[in-house]
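For reference, the structure is listed below as structure tokens.
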């Protein structure tokens, strides 16, 4: 015997009584899902080329740092030393190739003995390094003005409003001091 299909009203009543599954939650973001694995791998395999970048100027020196950047550090198999890939600005590749042993020694001094055994050179444009923090500049203390010049300066700004008088005296001392002691 064939079963008859429910009418439209009966179908609505059946659907209103039945429970539906809640919508599945969205998958977590890839970065968050892989965070534990990345930390574990970082602890196991150590630092990569990203650790070299901030200290690159100190590792290879100013001259080479202008024309090279560490791109990638590949670990060797079974505890063997890895390969460091350097991005080198065009014609400087020959210079880097001749100094590769010295570069490897300096990188191994930073990363640890035997961390890098080979250097791979990839020619291409090199972004400039961030400027090294400059030493704080000291303000040169100007010698005091002779007494007669100081008196003339005070007399010339005596009519100025009180708020401006101190600044005008300071400016006058700087100008008169530069005249007496010209810069070389």
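Laid out as a table, the results:
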| read-out | value |
| --- | --- |
| Whichever residue in the stretch 33-74 is at pLDDT below 80 and in a loop (DSSP other than H, G, I, E, B) and, among such residues, is nearest to residue 103 (Cα to Cα) | 48 |
| The stretch 1-28: number of residues that are under 54 Å from the mean Cα position of the chain (by Cα) and modelled with pLDDT of 85 or more | 2 |
| Enumeration of residues in the stretch 79-122 that are within 18 Å of residue 62 (Cβ to Cβ) and assigned to a loop (DSSP other than H, G, I, E, B) | 89, 99 |
| Any hit, the stretch 84-91, residues being more than 23 Å from residue 41 (Cα to Cα), exposed (fewer than 14 other Cβ atoms within 10 Å of the Cβ) and without any contact (Cβ under 8 Å) to a residue 60 or more places away in the chain | yes |
| Criterion (loosely packed, with under 11 Cβ neighbours inside 10 Å, at pLDDT 90 or above and not assigned by TED's automatic domain parsing to the domain that holds residue 70) met by exactly one of 134, 158 | 158 |
| Residue, farthest from residue 122 (Cα to Cα), within the stretch 67-82, restricted to residues that are touching a residue at least 12 places away in the same chain (Cβ under 8 Å) and loosely packed, with under 15 Cβ neighbours inside 10 Å | 80 |
| Residue identified as within 43 Å of the chain's Cα centre (by Cα), farther than 27 Å from residue 79 by Cβ, surrounded by 11 or more Cβ atoms within 10 Å (Cβ to Cβ) and at pLDDT 85 or above among 153, 171, 129, 109 | 171 |
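The values are calculated or read from the model by the stated rules, or taken from the named source; none is laboratory data. Because the structure is a prediction, the values reported are computed rather than measured. Virtual Cβ from ideal backbone geometry, glycine too; neighbours counted across all protein chains shown.
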